[in-house]
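Below is one structure, written out as C-alpha cells; the observations come after it.
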C-alpha cells in the first residue's frame, strides 16, 4: 500500500474522524491532509460559499490550492447535526470562520453540508457544500412535534 493510501486509511476510521481531519487541514493550510479526506472518485462535489459546483478530485484540489494561496482557512465547526447509516453519513454544520480584513479580524457563520461514504479505505468525504456566510450566528429553525409517543 502506498504511503498516501496508508494515510488515507488511518484517518478513515469514522465520519467524525474524517471531519475533524478536514477542519484541522483547513486551519493548518495542509493540502495533502485535506485531500486525503476526500474519496478518489470522479463524481465528488465541492461548493465553496457563493461559488460554482466543482466536480472531481483534481478540480477540488485546484480550488483548495487557490484558497490556500492566501493562507490557511480559520474555520471551526460550531454546531453539527448528524444523520448516519452503515455506509453513509450526512453532517449539517454551522461553521465559524475568522478572516483578517484591513480593519482587523472579522467572523462569519457558514452553513455547510458534509456527506461521507464508507469506502474500502474507510470513511471519505464525497460532498462539501458551504453556503455564503452571515456576520451573526445562524439560528436553527424547528417546529416541535405535536405527536406524543
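Since every read-out is calculated from the coordinates, none of them should be taken as a lab result. In this text, all values refer to a predicted model and were calculated from it rather than measured experimentally. Quick reminder, even Gly has a Cβ in these numbers, built from the backbone with ideal geometry, and neighbours come from all protein chains shown.
Miscellaneous remarks
- With the simple spin-label model, which puts each label point 7 Å out from Cα in the Cβ direction, the residue 55 to residue 88 separation comes to 1.7 nm.
- Taken over the chain, the ratio of Cα radius of gyration to 2.2 N^0.38 Å equals 1.10.
- Normalised per residue, the volume of the convex hull around the Cα set of region 52-96 (Å³): 114
- Label sites at residue 69 and residue 16, each approximated as a point 7 angstrom past Cα along Cα to Cβ, lie 3.8 nm apart.
- Eigenvalues of the alpha-carbon gyration tensor of region 77-149, scaled by 5 and square-rooted, set the equivalent ellipsoid semi-axes at 28, 22, 7 angstrom, largest first.
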